[in-house]
Structures are given as C-alpha cells and as structure tokens.
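The values are calculated or read from the model by the stated rules, or taken from the named source; none is laboratory data. All values derive from a computational prediction rather than experimental measurement. Positions of Cβ are generated from backbone atoms using ideal geometry, with glycine treated the same way; all protein chains shown enter the neighbour counts.
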Amino acid sequence: MKELDFETDFQNKIDSEIKIEPKDWMPESYRKTLIRQISQHAHSEIVGMLPEGNWITRAPSLKRKAILLAKVQDEAGHGLYLYSAAETLGISRDQMVSDLHSGKAKYSSIFNYPATSWADMGAVGWLVDGAAIMNQVALCRASYGPYARAMVRICKEESFHQRQGYDIMMKLCAGTAEQKQMAQDALNRWWWPSLMMFGPNDENSPNSAQSMKWRIKRFSNDDLRQKFVDATVEQAEILGIKIPDDNLKWNETKKGYDFSEIDWTEFNQVVAGNGPCNKQRLKARVDAWDKGAWVREAALAYAEKKAVAIKEKAVA
Amino acid sequence: MNNTEWPLWEVFIRSRQGLNHKHVGSLHAADQDMAIENARDVYTRRQEGVSIWVVESKHIVASDPAQGDSLFEPAANKIYRHPTFYQLPDAIKHM
C-alpha cells in the first residue's frame, strides 16, 4: 500500500469506530498528538498529587485522612495507567519525565494554584475532579485503544473523588458560620480556575478540529464547559453557597446557564509559568526524582545481583 | 538523565476464580517480585483480582497487524465450522 492508501484506510477505521491499537499503522501526527496529550494528562495526575498530598497530615479526622490518602494514591495510579498508555506509542518513561522537568511538557494549569485551607480539599474534589470527569468520560471513547482503556479505569475511580470532595463541602456548609465561610471562600478561589480547565474558547482552539476528526476529542471545549456549569449550579445551591459570578443566569432559549467571560489573561499567565505555584510544583517533582535516584539504582543493582545468583545456581 | 530505567512488565489479572487472566496494562519494576507488588498497588486497589501474572514486555511475541489478512482470512470462508450452517428438519426440536 502507498502512504496515501494507509492514510485513507486509517481514517476509514476511525470513521467506523474501529479502535487503533499500538502496532497498527498511524500517521506520525496522530502519534505525536497522542503522545503530547496522554503524557500531559499523566503529568497532571502526578503533579495533581501535590496540592492534596500537602493536606494528608493535617486532615481533620482519621476518616478524612484515610480517604484523602486513598484518593492521592488513585491519582498516582491514574498517572501510571496513562504513562504506560503513552509508552505504547514509542516514547520512554524517562523521556516523558525529562520533558516534564525541562518544561517542554505541560500539565493542567489548575495545579499551579495553592490549596490554602481544608475546604480546598472539598472544592478540589468537587470542582476540579468534577471538571476532569466531564473531559474524561468523553475520552473513554477515544480512538486509540490503550488510551481509551486507561480512561475507562480512571473514570470508574474518579467519581469517588468528586463525591468525597462534595461530602467535605456538605459537612462544612452544615457547620458553623465560620466553616460555611471557609467553603464559600474555597468555591470563590477554585471556580474560575476550574472553568479554565476546559481550555481556550472554541474559536481559539486551533487543534480541536483535527482531534475531533481523529476522534480523540468528542466534544468541543465550550460544550464541555457549558455542561459542567449546568451540572454544578444546582450542586452549589444545595450546599447553600454562591458561585462567584454575578452574570450567572438561566437561559431558557439555550436551556443552559449564561456566565461571564473567563479572564484569559490570567489563564495565559498561568500556562506561561507565572501562576502562584508553578515553580514550587516543578521543583517538588524534580527534587523527588533526584532524591529518588539512588533508590532506582539500588533496586536495579539488587535485581541484577539476584539474576546472576539464580543463573550461577542453575549452572552448578 | 542517567540510563537506569527499570524494565517494562505486562500485567495480567484473574478477576475471580474460574475466569482466565486478562491483560490490564503495564508498569515498570526492577525485578519480578517488585513487578507483582507494583501490579497489586496499581491494578487491584479495589479488589479487581485474585491472581496476578507479570511478564517482561520484551518476552511478548505479537502477530503483525499488516499480516492480519493472511493470518485470519482463511477462517472467514469456512462457515461450515459453525452449527448454524446446517439445516435441521422442523421436526427436530433440540440438537
């Protein structure tokens, strides 16, 4: 087959919802797009452990501590599912880690905001994981098999994350006036960054059309953002706290909520590395990697020594 | 970056007694014992399994998708291998 035939054959498969698997022919640009997207997604899970990991020792009860620990462990697991999905495309784990540390690869900007109170653990689970689920449910049907399978596993675990966050918010909102204020303050700080998680407006998202054609993406950024807002308004009402947007209003014609324009200057600043915690987050990752070097080397040396011993025993 | 990447392992999980092991994904580990332990932590946090197999990825031999036609096409025209190929008289209720 000629290159052009391969390409037609590939697109036909995609159009008839046949998954692409690692050894199948695929255009180089499809491979590159997936490596970029999956590795960034994996990095987001790993960096996403930092704001919450910070609160494990300060969780207000043993129950909350056990739950938060389980959640953060899940994030590590999600990172690992995704790294291994990306590796099926021919990039090594070390290369991905190196790209994160050099700043070449990005991760979700949301994790460059600080988690300053216990209520933030509630808001992060409720809003950040809630927004992530909107994206991830759609990705369960992505055209690349290993990515779609990793997303199915992740989605199964993610809804616990959102519910435990909402549970923290419910508890705070049913508490003292001061506790309810903590919940309101967390909502105020996390609302806009959560809406930014869906990425630029559709007209400023140049790669979306290609990703839709390849069925990596199923819904546009703005559609997913709208779905998230529509789902979340009622949840805030039940908590009895107010979403920080005076223009938030039901629109009967579109059967959805209207809301204010996002502050894209802030979004671009955080993406460019100038958010409140960008340097701190990256430093934590680089330090962990550097300080863990001797462990990785020692484990490998031990494995080699054991393998030699087994071989010698077999010969004797 | 120093060259100490741990080998890659493929993980297979038996979800319960009576079912076969099924491929669930892969992970890095220095040796086979660590591969089992990591697989336990990564792939069975919610009781997804009662047994784990790990095999180093480099030992997997896979068929080539480009030769899929010549490998699998010969089975396509042998419909007489399926019971539905055979017409039974109406009088026979079960066979």
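Tabulated data
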quantity: Residue in segment B:10-25 that is within 11 Å of chain A (Cβ to nearest Cβ), of a type in the set (Phe, Trp, Tyr) and surrounded by 13 or more Cβ atoms within 10 Å (Cβ to Cβ) present; calculated: no
quantity: Looking only at segment A:72-120, and only at residues there that are of a type in the set (S, T, N, Q) and away from chain B (no Cβ under 14 Å), the one that is surrounded by the fewest Cβ atoms within 10 Å (Cβ to Cβ); calculated: A:Thr116
quantity: Test: residue in segment A:63-70 that is crowded, with 19+ Cβ neighbours inside 10 Å and either in contact with a strand residue (DSSP E or B) (Cβ under 8 Å, 6 or more places away or on another chain) or within 12 Å of chain B (Cβ to nearest Cβ) (or both); calculated: no
quantity: Among (1) at pLDDT 95 or above; (2) surrounded by fewer than 16 Cβ atoms within 10 Å (Cβ to Cβ), the one test that A:Leu195 misses; calculated: (2)
quantity: Looking only at segment A:1-58, and only at residues there that are among the charged types (D, E, K, R), over 17 Å from A:Ser211 (Cβ atoms) and modelled with pLDDT of 95 or more, the one that is surrounded by the fewest Cβ atoms within 10 Å (Cβ to Cβ); calculated: A:Arg58
quantity: Qualifying residue in segment A:16-25 (condition: free of Cβ contacts under 8 Å to residues at least 60 places away in the same chain and in a helix (DSSP H, G or I)); calculated: no
quantity: Output for segment A:280-316, where each listed residue is away from chain B (no Cβ under 11 Å) and not hydrophobic (A, V, I, L, M, F, W, C); calculated: A:Gln280, A:Arg281, A:Lys283, A:Arg285, A:Asp287, A:Lys291, A:Lys311, A:Glu312, A:Lys313
quantity: Lone qualifier among A:Arg218, A:Arg281 - being modelled with pLDDT under 95 and either among the charged types (D, E, K, R) or part of a helix (DSSP H, G or I) (or both); calculated: A:Arg218
quantity: In segment A:144-153, residue nearest to B:Glu48 (Cα to Cα) [restricted to those that are touching a residue at least 40 places away in the same chain (Cβ under 8 Å) and surrounded by fewer than 24 Cβ atoms within 10 Å (Cβ to Cβ)]; calculated: A:Arg153
quantity: Subset of segment B:39-57 [away from chain A (no Cβ under 13 Å) and either among the hydroxyl-bearing types (Ser, Thr, Tyr) or closer than 24 Å to A:Asp24 by Cβ (or both)]; calculated: B:Ser51, B:Val55
quantity: Residue satisfying all of: in segment A:154-172; hydrophobic (A, V, I, L, M, F, W, C) and surrounded by fewer than 20 Cβ atoms within 10 Å (Cβ to Cβ); nearest to A:Ala131 (Cα to Cα) among these; calculated: A:Cys155
quantity: Which listed residue is of a type in the set (A, V, I, L, M, F, W, C), touching a Pro at 6+ places or on another chain (Cβ under 9 Å) and within 9 Å of chain A (Cβ to nearest Cβ), from B:Ala66, B:Ala30; calculated: B:Ala30
